[in-house]
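A short worksheet on the structure shown next.
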């Protein structure tokens, strides 16, 4: 009886530790991948917001005071300009940018990426997302004071 | 030898079994040493591997940030260098902006060594509304750290970013 039980703990310990180490390796690899991907979507959101913020409505900017100008605001195409930013990696279904204009002179870009995890132990994919907001910019000099 | 009296041979066997226990204890202490010798390198390799993965991820993040900031810097450069007409052209100035941004951002990570960086493009790419693609490559120098025990090579990593220039770029007033 004793002889048949000897070594049981060793086997249980070996099996348990195998799962523990596999989980640790998966955790580290997945966390590192998500960290790198988050940084990328954050940088892409920054560029998208910056690109959208350069699409100034020049007609409103140079409108005469008698016509209610000048107005410092983004063009109607700012959303489309913001969404034209190039995204590296993924597919259009998994890696996308959505822009909107919360106010007349700001544009907000949200980049999200449904990332495939390198070691799919706990889950196969995870979504990282970053949002950045840009204010209208026009060259090196500001035409009017932004309210 | 009378029936009922314990056999001296039986006593020997019993002592031998007891001795076996002593022998087993000695063997156990040896076993622990061997087990430690086998598992310790694996544990150290795992530990260094985890650290290495973290350092590599940080390297990727730093390189990516440097390339994206450089691309953003390139597209915000003035269209022409009117403050110094004899200096570099608008395109060269944009390249200089990008290079300076990339170099100074990369300098924050002492383990990254620059291999190459550039934002190649035609004149149309550098014109107002043009799109520029910047690429950067660097070596992640594990050899500078104790991690080189577990990771005996320096991987080369690269990143790419594309940025769109403003359609209404102005020039600085001289």
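Could we say that residue A:14 is modelled with pLDDT of 90 or more, within 30 Å of residue B:39 (Cα to Cα) and not in a loop (DSSP other than H, G, I, E, B) here?
Values: modelled with pLDDT of 90 or more: no; within 30 Å of residue B:39 (Cα to Cα): yes; not in a loop (DSSP other than H, G, I, E, B): yes.
No.
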Residue B:135 fails exactly one of (1) within 14 Å of another protein chain (Cβ to nearest Cβ); (2) outside any loop (DSSP other than H, G, I, E, B); (3) free of Cβ contacts under 8 Å to residues at least 40 places away in the same chain, namely (3)
Restricting attention to region B:138-154, and to residues there that are surrounded by 13 or more Cβ atoms within 10 Å (Cβ to Cβ) and either within 10 Å of the chain's Cα centre (by Cα) or assigned to a loop (DSSP other than H, G, I, E, B) (or both), which single residue is modelled with the lowest pLDDT? B:150
Could you list, in sequence order, the residues of region A:76-96 that are over 12 Å from residue A:51 (Cα atoms), within 11 Å of chain B (Cβ to nearest Cβ) and at pLDDT 90 or above? A:87
Are any of the residues in region B:158-167 at pLDDT below 85 and away from chain A (no Cβ under 14 Å)? no
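Consider region A:61-75. How many of its residues are surrounded by 18 or more Cβ atoms within 10 Å (Cβ to Cβ), away from chain B (no Cβ under 12 Å) and modelled with pLDDT of 85 or more?
Taking region A:61-75 and keeping what is surrounded by 18 or more Cβ atoms within 10 Å (Cβ to Cβ), we get A:61, A:72-75.
Now restrict to residues that are away from chain B (no Cβ under 12 Å): A:72-73.
Filter once more, keeping what is modelled with pLDDT of 85 or more: A:73.
Residues meeting the conditions: 1.
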Residue by residue through region A:63-113, note down the ones that are assigned to a loop (DSSP other than H, G, I, E, B), in contact (Cβ under 8 Å) with a residue 40 or more places away in the chain and in contact with a strand residue (DSSP E or B) (Cβ under 9 Å, 6 or more places away or on another chain). A:72, A:73, A:85, A:87, A:88, A:89, A:105
Among (1) in a loop (DSSP other than H, G, I, E, B); (2) crowded, with 19+ Cβ neighbours inside 10 Å, which single condition is residue B:110 missing? (2)
Residue A:38 farther than 30 Å from residue B:32 by Cβ, in contact (Cβ under 8 Å) with a residue 60 or more places away in the chain and facing chain B (nearest Cβ under 10 Å): yes
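Each row is one residue, and each column tells you yes or no for (1) surrounded by fewer than 18 Cβ atoms within 10 Å (Cβ to Cβ); (2) within 30 Å of residue B:58 (Cβ to Cβ).
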position	(1), (2)
A:4	yes, no
A:19	yes, yes
A:25	yes, yes
A:32	no, yes
A:47	no, yes
A:51	no, yes
A:84	yes, no
A:99	no, yes
A:103	yes, no
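The values are calculated or read from the model by the stated rules, or taken from the named source; none is laboratory data. All of these numbers come straight from a predicted model, not from anything done at the bench. Note: ideal-geometry Cβ built from the backbone for every residue, glycine included; neighbour counts use all protein chains shown.
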